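Colleague: Handing you this structure, nothing more for now.
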Amino acid sequence: MNFLKNIQFQQLINLFLLLLIAQYNNTLQISWLLILALALFAILFELIIVNLSTNHQPLTINYQLYIPYSAIITTFGIILMIGWIQWYIPLILIALALLQKKYLLIGKKHIFNPSNFAVVLALAIFYPKALPIIGQLGHQGYTAIIVTILLALSILYRVNRLTIPIVFSLSYIVLEWLVIGHSNPTWEISHFLTKFYTTSFIVYLLFMLTDPITTPESSLKQAIFAILVATVLVGLDYIYTPRVWNLFLALFFTSALFVPFYRKLEKVDWVKYITILTISTVLIIRISKLTPHYFSM
């Protein structure tokens, strides 16, 4: 019964509940059969990666069952956050998200939340055949309450990441008011705050933004990280106008930029860091110049 205490198992259950809520609200974009097929593909793909990365290690007598929670979590995250019109798109996004998790490492760990990484790649490679969507869970208030209680009070407390959503939310509100509110005469704080009541924004806030692996452990660095994400987000809103994908681009860029501030990097890591940061910057500029097809939150 140790799996019941596993944080990834708890996160998996929460995401599955969100899919059930979407089904109940008749807003789920795909069938359960396709969800099962994508999850099985992700499990198989991750098991292949794990096997390839361990087949040269010496054998031991202590075998442990490997359960690919992260593969299923990544799949559910992609289903909840991305819409697509070609069957092969989610397969490619799942594969790339899992590959970067295993091989795109800086300081011996990956730096991008897999689901957020998949959203950015969807925009960079497949847009407009794949793009972020926000209506998967409906807009009922109880959904937001369920998600908040399940995630904020359980997982985030257990992994010590409550600082990030709190500081990010406050910073985002203040910076948006100071920058956008004073430059756009049509901007209204009441309309802006409505996005905080949407379940999709809460999922972004409590799932992607607070990934324990890709965020720092200390509360001070978490606060700096959150403020930086909010600053990049408001900067994108100001330069390119507010869009849904600015959320994901801001997290993507900050994840690449902030690595040296909370991980000890070796010489080879610095080469990777500069390369990834450069590519990330180019991707964000390229995506930001795309003509939006759907951009309301």
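The values are calculated or read from the model by the stated rules, or taken from the named source; none is laboratory data. Only a predicted model underlies this, so the values are computations on that prediction, with no experimental measurement involved. Quick reminder, even Gly has a Cβ in these numbers, built from the backbone with ideal geometry, and neighbours come from all protein chains shown.
Colleague: Within the stretch 168-200, which residues are over 18 Å from residue 246 (Cα atoms) and either small (Gly, Ala, Ser) or surrounded by 19 or more Cβ atoms within 10 Å (Cβ to Cβ) (or both)?
Modeller: 183, 190
Colleague: Moving on. Among the residues of the stretch 215-251, which ones are farther than 19 Å from residue 123 by Cβ and β-branched (Val, Ile, Thr)?
Modeller: 215, 224, 227, 231, 234
Colleague: For the stretch 113-145, enumerate the residues that are modelled with pLDDT under 70 and either closer than 22 Å to residue 74 by Cβ or in contact with a helix residue (DSSP H, G or I) (Cβ under 6 Å, 6 or more places away or on another chain) (or both).
Modeller: Selection gives 134, 135, 136, 137, 143, 144.
Colleague: If you don't mind, another one. Looking at (1) modelled with pLDDT under 95; (2) touching a Ser or Thr at 6+ places or on another chain (Cβ under 8 Å), which is the only condition residue 97 fails?
Modeller: Only one criterion in (1) modelled with pLDDT under 95; (2) touching a Ser or Thr at 6+ places or on another chain (Cβ under 8 Å) is unmet by residue 97, namely (1).
Colleague: Return yes or no: is residue 35 out of contact with any His (no Cβ under 7 Å at 6 or more places or on another chain), at pLDDT 80 or above and within 26 Å of residue 123 (Cβ to Cβ)? Outline the logic, then answer.
Modeller: Working: out of contact with any His (no Cβ under 7 Å at 6 or more places or on another chain): yes; at pLDDT 80 or above: yes; within 26 Å of residue 123 (Cβ to Cβ): yes.
Judged against the criteria, residue 35 is a match.
Colleague: Another question, then. Would the stretch 100-112 turn up any residue that is more than 18 Å from residue 272 (Cβ to Cβ), at pLDDT 90 or above and buried (at least 21 other Cβ atoms within 10 Å of the Cβ)?
Modeller: Here is the first cut: in the stretch 100-112, the ones more than 18 Å from residue 272 (Cβ to Cβ) are none.
Checked the stretch 100-112: no residue is more than 18 Å from residue 272 (Cβ to Cβ), at pLDDT 90 or above and buried (at least 21 other Cβ atoms within 10 Å of the Cβ).
Colleague: Does the stretch 223-243 contain any residue that is over 15 Å from the mean Cα position of the chain (by Cα) and within 15 Å of residue 119 (Cβ to Cβ)?
Modeller: The answer is yes, given that some residue of the stretch 223-243 is over 15 Å from the mean Cα position of the chain (by Cα) and within 15 Å of residue 119 (Cβ to Cβ).
Colleague: For a quick check of your reading of the model, give me the residue pairs whose first member lies in the stretch 233-262 and is more than 21 Å from residue 131 (Cα to Cα), whose second is basic (Lys, Arg) and not in a loop (DSSP other than H, G, I, E, B), with beta-carbon atoms closer than 9 Å and at least 6 apart or on different chains.
Modeller: As it stands, the answer is 258/221; 261/221; 262/221, since those pairs meet every condition given.
Colleague: Output the residues belonging to the stretch 226-258 that are part of a loop (DSSP other than H, G, I, E, B) and within 15 Å of residue 164 (Cα to Cα).
Modeller: Of all residues in the stretch 226-258, those part of a loop (DSSP other than H, G, I, E, B) come to 241-244, 258.
Correct list: 258 only.
Colleague: For residue 221, all conditions in the list (1) modelled with pLDDT of 90 or more; (2) under 30 Å from residue 105 (Cα atoms); (3) touching a Leu at 6+ places or on another chain (Cβ under 9 Å) hold save one; what is the number of the exception?
Modeller: It is condition (3) that residue 221 fails.
Colleague: Would you confirm whether or not the stretch 204-214 contains a residue that is surrounded by 17 or more Cβ atoms within 10 Å (Cβ to Cβ), in contact with a Gly (Cβ under 7 Å, 6 or more places away or on another chain) and within 24 Å of residue 123 (Cβ to Cβ)?
Modeller: Taking every residue of the stretch 204-214 in turn, at least one turns out to be surrounded by 17 or more Cβ atoms within 10 Å (Cβ to Cβ), in contact with a Gly (Cβ under 7 Å, 6 or more places away or on another chain) and within 24 Å of residue 123 (Cβ to Cβ).
Colleague: Sticking with this one: For residues that are surrounded by fewer than 16 Cβ atoms within 10 Å (Cβ to Cβ) and at pLDDT below 70, scanning just the stretch 149-167, find the one that is nearest to residue 7 (Cα to Cα).
Modeller: Looking at residues that are surrounded by fewer than 16 Cβ atoms within 10 Å (Cβ to Cβ) and at pLDDT below 70, I get 153.
Colleague: On to the next question. In this structure, is residue 291 β-branched (Val, Ile, Thr), outside any helix (DSSP H, G or I), surrounded by fewer than 19 Cβ atoms within 10 Å (Cβ to Cβ) and out of contact with any strand residue (DSSP E or B) (no Cβ under 9 Å at 6 or more places or on another chain)?
Modeller: yes
Colleague: How do the pairs read when you match residues in the stretch 114-128 that are without any contact (Cβ under 8 Å) to a residue 40 or more places away in the chain with residues anywhere that are in a helix (DSSP H, G or I), using Cβ under 8 Å and keeping only pairs 6 or more apart or on different chains?
Modeller: 121/93; 121/96; 121/97; 125/92
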